[in-house]
1. Would you mind computing, in nm to one decimal, how far apart the modelled labels at B:VAL238 and C:LYS218 are, each placed 7 Å from Cα along Cα→Cβ?
2. What distance in nm separates the simple spin-label points at B:ASN194 and C:VAL231, each placed 7 Å from Cα in the Cβ direction?
3. Between chains A and C, what is the buried accessible area summed over both chains (1.4 Å probe, protein heavy atoms, nearest 100 Å²)?
4. If you check each cysteine of chain A for another cysteine whose beta-carbon is under 4.7 Å away, which ones come up empty?
5. Greater than 18 Å separation of Cα atoms is the criterion. Which listed pairs, B:LYS274/B:LYS352; B:LYS46/C:LYS168; B:LYS47/B:LYS188; B:LYS201/C:LYS9, meet it?
6. Per-residue Cβ counts within 10 Å, from other chains only, averaged over C:176-189: what number is that?
7. Can you list the residues of region B:82-114 that have at least 30 square angstrom less accessible area with all protein chains present than in their chain by itself, probe 1.4 Å?
8. Taking region B:171-218, which trypsin sites (Lys or Arg not before Pro) meet the DSSP loop condition and have no more than 11 other C-beta atoms within 10 Å?
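The values are calculated or read from the model by the stated rules, or taken from the named source; none is laboratory data. All of these numbers come straight from a predicted model, not from anything done at the bench. So basically every Cβ, Gly included, is an ideal-geometry build from the backbone, and we count neighbours across all protein chains shown. Quick note on the areas: whole protein, heavy atoms, side chains included, nothing else; ligands and nucleic acids left out. Shrake-Rupley method; radii C 1.70, N 1.55, O 1.52, S 1.80 Å.
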Amino acid sequence: MKGYIEIDQVLCKGCEICTFFCPKGMINSSDKLNPSGYRVAVFNDNSECTGCAICAVVCPEVAIEVYRG
Amino acid sequence: MAKVLMNGNSAIGEAAIRAGCQCYFGYPITPQNELTEYMATHLSRKKGCTFIQAESEISAINMVYGASLAGVRAMTSSSSPGISLKQEGISYLAACELPAVIVNMTRGGPGLGSISAAQSDYFQATRGGGHGDYRTIVLAPSSVQELADLTYKAFDLSDKYRVPLVILGDGMLGQMIEPVEFSYEAPKEPIIRNNALRGAKGRTSRIVKTFTSNPATVEEINWSLFRRYQLIKQEEVVWDTFMVEDAQLIVVAFGIAARIAKGAIKSARIEGMKVGMLRPITLWPFPAEKVREVANRTNYFLVFEMNMGQMIEDVQLALEGAGEVSFYGRTGGVIPTPNEVLRVISRLYYQKGLK
Amino acid sequence: MKKIYTRPKSLKRTPFHYCPGCGHSITHKIMTELIDEMNLQDKTIGIPPPGCSVFAYNYFDIDMAESAHGRGAAVATGLKRAYPEAIVFTYQGDGDLAAIGTAETIHASNRGENITAIFINNAVYGMTGGQMAPTTLLSQKTTTTPYGRDDKIEGYPIKMSEILALVKGSAYIERVAVNSPANIIKAKKAIRKAFQVQIDCLGFSMVEILSPCPTNWKMSPVESWKWIDEVMVKEFPLGVIKDITGKKDAG
Ligand SMILES: Cc1ncc(C[n+]2csc(CCOP(=O)(O)OP(=O)(O)O)c2C)c(N)n1
Ligand code: SF4
Ligand code: SF4
Ligand code: SF4
């Protein structure tokens, strides 16, 4: 595993921007509602994440933290 | 310092610089251009000071707002039409509790009106002028010397209470040339208020704002302003009297109108009429208590203004029906003579059977 | 593993009140990243006038003051002149900067005021509910152009960057967009440069940001981000419009 991300479930607004831009298709929308009523994005951890941080750069809510190793 | 001859507008400029005003922003309009020009000549060359001829009165007042945010003494000046444009900015200054000195050398209105002296912006000045529930302190000088003295006071009061303050003069005061002495020594160090926005160095960041999504918060801001206004009303009322002790008839007049009235009263005295004058110097807060006190001695008041009757409402409110209030006014920039006012006084004096 | 992307220090923890996918959020994020990277947190002062971003002070952990609608450039002028050590920016919408505040903006620029305008062009009035902005595109529908903007009635989308570039006192003007990873990185570079121009006292700088407003464009966030590329940049081409520094930005 080269990288992984953490999505803050409180900050996420389910805009699906990260889903659209992740080159590896690592992020999915879900049915899970957060306290503000948004369907939060979830990281689909199948080890293909490169830690490129594209998702974090585009996330308007600054909800994504990226780790790379 | 010895007395010098100066026009009223320039005297305000000199006094403001001595009071530590660091920023002046203005836009040309007659009859106050000498002040803008004085600042262009003298303030702009002072170290750390700024003069800008803004693109409009709206910009000028907002530049004042910006400079006041930075904690320095700042002012703007204009005349009636320009003061109308500044009202939005004055409302924001009041809401954000930012000091500022605004000079209005009033001219004849409404509309473009005339460039001659008038007092028709009394309501606008004393009722807040812009939107929302706020007041500004309003000072009304009646000589060039007083323009200078009240300018120092203006900066001090505005800073002390963190409220915008209006110096309400008129075109005649601004342009008349009189001897004036500048007694105030300019502070050596620039004055920088506490709580200024100068970067969050070694402290948490600061926000200056008025808007909130919660009306209750805005109501609280109004209450806090209101309490301060009550304090100003208690502490800062200033007036002058002239021969009121034995007066049967009291003329109430402010600013240049009081100057004219004084001439009329002197002549009336020579003719044996017991006439005196009460001259409010703070128009807001209005010296209501003083009006009532004078009313213990006589029932007869003549309010004389260079407008269609604005301050008369404050006199009537102060008297609560106690006295008999007459009015004489000229407006649109027409300047009445002392003789004209003397005729009004005489007529009233005998109509009412005063002795 | 090492954390390589996290929340900027000068961005408060408060969640944004902006709609999902809004360009204001992205812009706040890159600006606070820059404030951290350039070490400006203790000397930057922001002026957000009314607009969706009137509450920007809830997010930027720096000194900030509200201004009246359109008056940001005048307020910033007064502040910067009174305290030249500060880095002062306005953060204005298109209604604010290009309609009600046009005069203030042009003249601050013409005087070469050492301030930076961050100009959010989302082609609508967001805060008041999606009315026409001066930058609304021809035939674009808004609540006050329900049949589409018609140049015979409403005139044309105004190009503030090009106008300001003609003004002698402006030093640096660039138009960017915050609708893709590459564009966001470019936008950040542009804002860095604008701040640097101010630090170097070279004059007025402005970054115009084409910014998605999914709510008032009545699109999904992803659609709104695509719409900027597909439609908006045709009217508002991206790139440096004026740069008196002559330097290529080092990034
Ligand atoms: C003097 C004045 N007029 C009107 C308004 C109402 N108002 C608030 S924000 C705004 C325009 C918002 O549009 P824009 O500047 O494009 O910013 P956005 O909300 O799109 O980010 C208006 C008209 C106001 N606050 N003050
Ligand atoms: S870091 Fe890159 S690969 Fe990993 S989830 Fe984010 S965008 Fe996808
Ligand atoms: S971009 Fe951010 S806010 Fe939008 S869905 Fe992804 S994590 Fe959530
Ligand atoms: S209305 Fe538009 S500009 Fe305003 S917060 Fe929503 S998306 Fe952003």
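1. About 6.1 nm separates the two model spin labels.
2. 5.4
3. Interface area, both chains combined: 2400 Å², rounded to the nearest 100.
4. Flagged as lacking a Cys partner: A:CYS12, A:CYS15, A:CYS22, A:CYS49, A:CYS52, A:CYS59.
5. B:LYS46/C:LYS168
6. Neighbouring Cβ atoms belonging to other protein chains average 2 per residue here.
7. Residues losing area: B:GLU88, B:TYR92.
8. The qualifying sites are B:LYS188, B:LYS201, B:ARG203.
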